[in-house]
Structure formats: structure tokens, C-alpha cells
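*Asks:* Can you read through this structure? Questions will come right after.
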Amino acid sequence: MVKIVRVNNHCIRLRYGKPIDTESLEYDIQNAEELQTLPSLPLEIEEKENTIKLSYIMGEATKVLGLGENVRGMNKRGGLYESFCTDDPIHTPDKKSLYGAHNFLLVAGDTPFGLFIDYPGKITYDIGHTVHDEMYITINDVHADLYIFQHGTLKELTLSFRSLMGNSYAAPKWAFGYQQSRWSYGTKEEVDKILRAFEVNEIPCDAVYLDIDYMEDFKDFTVDQHKFPKFESYVRELKNKGIRLIPIIDAGVKIEQGYEVYEEGVKNQFFCLNNQQEPFVAAVWPGKVHFPDFLNPLARRWFGLKYKVLVDMGIEGFWNDMNEPSIFYTEDRMQSTIDMAKQSEGENLNIHSFFGLTHAFQSLFNHPDDYKKFYHQMEGTLINHKSVHNLYGYNMTRSAAEGLKEIDPDRRFLLFSRASTIGQGRYAGIWTGDNYSWWEHILLNLQMMPAINQCGILYTGGDTGGFSGDANGQLLVRWSQLSLFTPLFRNHSALNTRAQEPFAFDEKITRILKNIIKLRYTLIPYLYSEYMKAVIQHGVFFMPLCFEYEDDFSSEVEDQLLVGESLMIAPVYRENAKGRYVYVPEDMLMWKAVTEKIEKTEIVEKGIHYIELALEETPIFIRKNSLLILSKPAMNVDNLDLSELTVLGYVSDEAVYVYFDDDGVTRNYVKGDYAEVVIRVVYEHNQFAVTIENKGNHTLRKLHLILMGPDGSREERELLIDQ
Ligand code: GLC
């Protein structure tokens, strides 16, 4: 039996059976109207043999966007995907899932529609993989909520979905500064050394990350006093210099007598249980661990409040990791694999037995059957992990976010996670996990951004320069020219890989990277303003071109993005390329930025262009009748001077830009405590007329305007801002 309700003008919900409440969405179901008959649906839905199957026939031109964080291009057609949060560090196109499970699709056929499947277990998507024109989605259950969005453009359908998600997470303003990470800067000396290099090279930076080695034996909420003596005063000393330390927190809690987190968790039954109702044991970084039962609200609150020990030492940001959860091995599987190896001892292994043995060892890591071995306590009943797998990382992050809010209600913390599902955007951001120093991963990073935003996760970015493998300077430069625009701009790399800090290569690369990072600080007024408007208005920050332009080319473009309302980006992602083809869907102002100085600008007409781009040039396209707001660079966000800003614009008729600003630290923006400066530029009779309207308190005193008109006209002027 299916129950149907109309959720809003675009959306109906079909409820099959009695689904688990994932709390992915947050809307008022009281306002939803119950429908007695099934309206016409864009796809077939069938309940069959304990599954729900959805099918759709795609026209030759149909594109399927979405699935958030996943492999392959923006158009998912041709691929086979699973939504099952997976710790898989090799992000190749044959993989089916990554760390997030994001069940939202936008089908761009003759009549576009959107689909969100609210279901916490595995779902498979065959999008024209088996049969070119056919899409099949299988849910191995008869309990699920299906949300279908219709009667609108791709952008309208996305915004309608976004409106059901509740309020988005707002990162603090300093989290828009450049951030440096490495597995690991494992001692105070190593952190100092890195920061000295930033200072000597005069490269701005806002945060340095502490990977697992800062802890005592990989125990959450501990700091190894030998490696980081007087940690608290060190945190404060760095903060005074504008640098925040960001520690990692892992999902697994080390089993060790005398370790408070372990003992409290066992005593209160806050860990996931095995089928004997004892805490389930798996192995991760510290060896044997228990997993906190984040689906149990009491355990969630308990773990969330543990962050206090680090907050009390002055920490203002965290990254939550290994929360798919990742399992290196379980004891019994390890034992049976060892037994198998022992039996093979002295044997003459042939192809089958040799690969059988190596496969047995390799598949110890995140074995799918290990996810069936443990249980959560949800509302008094035990639920097998596998059926709610995708809620784990999300609820770990929720635990942190709710805990941090209770610990320091006013402060905005930096928080992001590796695993996620839809709903997590209310609590935190994500980073896209363990990519590689491969050129292909610059493109993959770009392609995931709009799809992740569609799922309501706005604070996001990839490991710039690549996590695994050795980067070269060229790769890091080109990657940074993309990360320049992602809310999270963090350079992170793995143990035993080549050093990858901006000064780790040669002088030329250091100079180029320094300019790119300074340019980032110049862009912060625009990036932060666009991000915060997306937070407040339930919007998106990144969009594919087809959200704004309806021509056929725009729907084909897989390597360019719209960033906020004014910008289009087209980064270089091929090694040794001296430039690239760019599709310009309307006349735009192109700025080949080398430093923060506004030089090398020109109007580029609608069409396909080969744009030459030397290694140091970042292409930035300003849309017609749009404005870009820039500041002078600074060594960190706290030192940005926002009293004098530059406005760069291309105006053929009228451009209106709402510049948002707030204190960037507290949650006061929720109460409407923020400023909006409305900058209006009209171009008429070969002249620019500029008007400014102020709402709320801000620090802006002076604008330096650089305006370009359609016929080559250019004007610069200064404007004082009255309060
Ligand atoms: C995981 C994370 C990575 C981190 C490493 C060690 O692989 O994804 O970012 O550096 O663990 O903690």
C-alpha cells in the first residue's frame, strides 16, 4: 500500500510500508495534503519480491545529474552506482560508491523531474549501463519514502528539494581562508616548521590540521603531551597569530582499560552491539575499537559533549573521519583468513588458490558482511547496521554539531566529515575523501561540487593536490586554481607521499601558489557572501551551466561551473596544457588572474573559444550584468580589511549585487543580525550610474569600482559609503 502526500507545489511523497525515520529532511508534514489517487508519475514504480524497483526510459538526449559525491561525470548516464557509504581510496570510474550516500537525481529529459529516495540502506542505480536507454533503480526493501519533484526547471526542482532540508550549516568566516594539512604534522616542532615556512614565504594561511598522530595511541579526545607539550597554550599562541589548529576525530573508540571514553561507553551501553548483545569489536587505526552507537540519541549526546575537552583548550574546528564506518578487519574474519593461509602452507598454489588467498586478505578491509554483524539501539529495538548503514557518518557529525552547540552555543565551529548522507548539510560540510594526485581527479573534484550542493551540503572541497600519490608542482597549481573557489580550500596529502605544501617544490611554483592563495583572500568577500546567501536562502553555491542557460551546449558542459550568481570557472585540468577550450554561454568578462591586481581583462563573446592560459593564469569569467566583490589580500581572514572593497563588473543594462556580511563568528545571522549592501549599476547612454543601499551594520566605507560596458567602455571610480 502506498500513501501519497503533496509536500509542496513541485513535490509529492510516496510512502511505501513503514520506513525508518532518517531525519534527512526537516519540513512540516502537517502542511502536506494527503492525495487519494496517484497522480501521473514520470517513472514506473513496482513493488516486487521484497524490493521496490523504479524504471525509466531515457530519450537519446536525456541526462541524469546528481548522486552527490560519486564517481564519473556530472551526467551519470552509462554508469552503475550504489549508495552505500564506502571507504574506498581509489576513486576510479569503475567504482560504484564513495564516502557519501546521496540519493538525489535530476532527470533532464523532455520533461525534467527530480527524485529523492529517503532510505538508509543500499540502493543500486543502473543508469543506462545495462541497456543504453533504460534506467533501473533497486531498493532491496519494501519500506521507503520516494519524493518526486516535477513541473519546474532543473534549478527550480533543486531549490524545491533544498527547501525541505531545514537550515544549512554555516561555517565561520575564517574557514574560507587557506588551510594546510598533511598526514601528519605529528609534533609541535613539525607544525612550527610548516608555519615558519608560511611566514618566510609570506603565504597567507588560516588553519593547520592535526591528523591522527596528535593523539595518544589514536585515542579520540586525547592529546599526546610528549608531541604537543602545553597544548592549550600552544593553541592560544597560534590563534593570536591568526592560525587555528584543526584536530581529526575518528569514529572508532580504542578498547583500553582506564581510557575514560571506552569505559563510559561500555558502562552506559553507548556502543554498537554484536548478536550476543555485547559491544561489537572491529579494528581501525588504534587496533581494536568499539563504534559509538550514534543512532541512539543518548550515545549521540554523550559523544558530542566529549569535544569539550578540546574546545576548552581553544580548538574551534574538527574533521570527523573513518565514519562510514571504516573497518580494517573483524577478529573472526581475520582468524578464518589466517586459518586458510595456514592450510595453504607448503601447498603448490595454482592460479585459483593463490588469488583466492590474496583476495581473502584484501577483502578483510570493509567486508560487506561485517556490516551485518552489529546492531544499533533505536527507540528500544535493535536494528541491524546494514539496513541503516548510510546514517552512521551523518549521525556522528550530528553528534559533534549538537555537542558543540551545547558546549558553546554562540560560536560557529568549522566541522566537516568524510561519510555523509542527505540531511548532514544542516550540521556540517564534507570533504571528498582520499583522492589521488592524478589530473583526472581535478576534473572529478569539479564535477562532484554541484551534485553535492544539490544535496544541501554547501561547505565542501577536495584534498587539493591529491591525497595519495606524489604531486608535482604543476598539478598542485592547476588544482589550486579550482580550489580557489571551493568553500573548503585545503591542501592535504597522505603519509609517505611527496611533500605538497605550497613551498615544497621550486621557486617558480612557490611564487605562483603564493599568488593563487593571496587571490583566494581577495575573493573571500564574494565567496563568503555567496555561501552565506545560499545558507540563508536554502540555495546552492555551485551550479552546472544548464541551471542558468538552456542551450544544448550548456547541458553538455562537464568541466566548467557557475560559482554563485556572478562567476563561471573553467580550470585547466590536463598536464602540460597551455590553455583549454571554454564554452562561454553569453558574453562575459574574462579575467586571467595572476595576482590580485586586476589586469588582463577582456570581454569574450558567446561561443566556444580556445583560451590560452599560462601556468600562473587563473581564468575567472564574470557573467554579463554581474558584479564581483574583491578585497585586498591579507595574511589571514581575521586581518582582512573589509572597509575598502573593489567591484569588478560587466554591465550592459543593469547589475544588482547584494553583498552579505556578518561577524562570521557567531550564530547571530540566524536572528537577522547581518548586513546587506545592495550595489546597483545601470549602464545607459554610454554612462554608468551607481547606487548603494545599506541594510544592517557593516564595516564597508569605500568602494573602488572598475566597470566595463558592452562597447569597450571602461570606467573606474571611487564611492564613499554612508552608513
Ligand atoms: C583517512 C582520511 C585521511 C587521513 C587518514 C589518516 O584516510 O581520509 O584524510 O589523513 O585517514 O587519518
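*Asks:* Using each residue's phi in segment 168-177, evaluate 6.51 cos²θ - 1.76 cosθ + 1.60 at θ = phi - 60° and report the 3J(HN,Hα) Karplus result to the nearest Hz, with x for Gly and Pro.
*Replies:* Karplus-based 3J(HN,Hα) across segment 168-177 equals 7, 5, 10, 6, x, 5, 4, 6, 8, x Hz.
*Asks:* In the chain, if the dipole is taken from +1 on Lys/Arg beta carbons and -1 on Asp/Glu beta carbons about the Cα centre, which of PHE218, TYR549, THR397 is farthest to the positive end?
*Replies:* Result: PHE218, furthest along the dipole toward the positive end.
*Asks:* Can I ask one more? Give the percent of DSSP beta bridges with both residues in segment 304-450 that are antiparallel, rounded to the nearest 5. Before the final figure, lay out each step's value.
*Replies:* Working: 4 of 10 bridges.
Roughly 40 percent of the beta bridges in segment 304-450 run antiparallel, per DSSP.
*Asks:* Which residue, PHE485, THR62, ILE246, has the largest displacement toward the positive end of the dipole of the chain when charges sit on each Cβ (Lys, Arg +1; Asp, Glu -1)?
*Replies:* About the Cα centre, the residue reaching furthest to the positive side is ILE246.
*Asks:* Further question on the same structure: Using alpha carbons only, how many angstrom separate the centre of segment 272-328 from the centre of segment 649-701?
*Replies:* So the separation of the two Cα centres works out to 44 Å.
*Asks:* Give the percent of DSSP beta bridges with both residues in the chain that are antiparallel, rounded to the nearest 5. Provide the component values of the computation, followed by the final result.
*Replies:* Numbers: 115 of 147 bridges.
That works out to approximately 80 percent antiparallel.
*Asks:* Still on this structure, I have one more. Explain nothing, just the number: dipole magnitude of segment 2-162 about its Cα centre with +1 on each Lys and Arg Cβ and -1 on each Asp and Glu Cβ, in debye rounded to the nearest 20.
*Replies:* Numbers: 16 positive and 24 negative charges, 46 e Å.
My answer is approximately 220 debye.
*Asks:* Determine the distance separating the Cα centre of segment 549-611 from the Cα centre of segment 446-507; give it in Å without decimals.
*Replies:* That distance is 20 Å.
*Asks:* ³J(HN,Hα) across segment 612-624 via Karplus (A = 6.51, B = -1.76, C = 1.60, θ = phi - 60°), whole Hz, x for Gly/Pro?
*Replies:* Couplings: 6, 9, 5, 3, 7, 9, 9, x, 10, 10, 9, 5, 4 Hz.
*Asks:* Counting only C-alpha contacts under 8 Å and six or more residues apart, can you give the relative contact order of segment 243-372 as a whole percent?
*Replies:* Values: 138 pairs, mean separation 36.4, N = 130.
After rounding, I find 28 percent.
*Asks:* Using +1 on the beta carbon of Lys and Arg, -1 on that of Asp and Glu, and nothing else charged, what's the dipole of the chain about the Cα centre, debye to 20?
*Replies:* Details: 73 positive and 104 negative charges, 164 e Å.
In total the dipole reaches around 780 debye.
*Asks:* Sticking with this one: Which entries in the list LYS227/LYS386; LYS95/LYS386; LYS508/LYS632; LYS230/LYS514; LYS606/LYS702; LYS239/LYS306 go over 30 Å, if you measure between the two C-alpha atoms of each?
*Replies:* Working: LYS227/LYS386 39 Å; LYS95/LYS386 20 Å; LYS508/LYS632 23 Å; LYS230/LYS514 32 Å; LYS606/LYS702 33 Å; LYS239/LYS306 22 Å.
From the list (LYS227/LYS386; LYS95/LYS386; LYS508/LYS632; LYS230/LYS514; LYS606/LYS702; LYS239/LYS306), the Cα-Cα distance tops 30 Å for LYS227/LYS386; LYS230/LYS514; LYS606/LYS702.
*Asks:* If I histogram all Cα-Cα distances within segment 2-162 using bins 5 Å wide from 0, what percent of pairs lands in each bin?
*Replies:* Pair shares across the bins are 2, 9, 18, 22, 22, 16, 8, 2, 1, 0.
*Asks:* Another one. If I fit a long axis through the Cα atoms of helix 392-407 and take the longest principal axis of the Cα atoms of the chain, what angle between them do I get, 0 to 90°, rounded to 10?
*Replies:* 70
*Asks:* Going by Cα centres, segment 9-25 and segment 165-217 are how many Å apart?
*Replies:* After rounding, the separation between the Cα centres reads 39 Å.
*Asks:* Oh, and also: In degrees, nearest 10, range 0 to 90: what is the angle between the Cα axis of helix 473-483 and the longest Cα principal axis of the chain?
*Replies:* Helix 473-483 and the main axis of the chain meet at about 80 degrees.
*Asks:* Follow-up question, since we're still on this one. Got the relative contact order for segment 531-720 handy, in percent, Cα pairs under 8 Å and 6 or more residues apart?
*Replies:* Details: 378 pairs, mean separation 26.9, N = 190.
Reported relative contact order: 14 percent.
*Asks:* To continue, here is another question. Would you mind ranking TYR521, TYR27, TYR375 by Cβ crowding within 10 Å, fewest neighbours first?
*Replies:* So the residues, fewest neighbours to most, are TYR27, TYR375, TYR521.
*Asks:* Okay, moving on. Out of LEU513, ASN576, SER168, whose Cα points farthest toward the positive end of the dipole of the chain (charges: +1 Lys, Arg; -1 Asp, Glu; placed on Cβ)?
*Replies:* With unit charges placed on the Cβ atoms, the residue in question is LEU513.
*Asks:* What does DSSP give for segment 531-720 in terms of the percent of beta bridges that are antiparallel, rounded to the nearest 5? Let's see the in-between values first.
*Replies:* On the way: 53 of 60 bridges.
Once the DSSP bridges in segment 531-720 are tallied, antiparallel ones form about 90 percent.
*Asks:* Let me have the relative contact order for the chain, percent, based on Cα pairs under 8 Å that are six or more residues apart.
*Replies:* On the way: 1674 pairs, mean separation 85.1, N = 723.
With pairs under 8 Å counted, the relative contact order is 12 percent.
*Asks:* Could I ask something else about it? Relative to the Cα centre, what is the charge dipole magnitude of segment 321-411, using +1 at the beta carbon of each Lys and Arg, -1 at the beta carbon of each Asp and Glu, and rounding to the nearest 20 debye?
*Replies:* Details: 8 positive and 14 negative charges, 39 e Å.
Taking the Cα centre of segment 321-411 as origin, the dipole is about 180 debye.
*Asks:* Shifting gears a bit: Just the number, please: Stokes-Einstein D of the chain in µm²/s, Kirkwood Rh from C-alpha pairs, 25 °C, 0.890 mPa s. Mind showing how you got there, number by number?
*Replies:* Details: Rh = 26.7 Å.
It comes out at roughly 92 µm²/s.
Read-outs: derived from the displayed coordinates by stated rules, not from any lab. If you're wondering where the values come from, they're calculated on a predicted model, not measured in any experiment. Neighbour counts run over all protein chains shown; Cβ positions are idealised from the backbone, glycine included.
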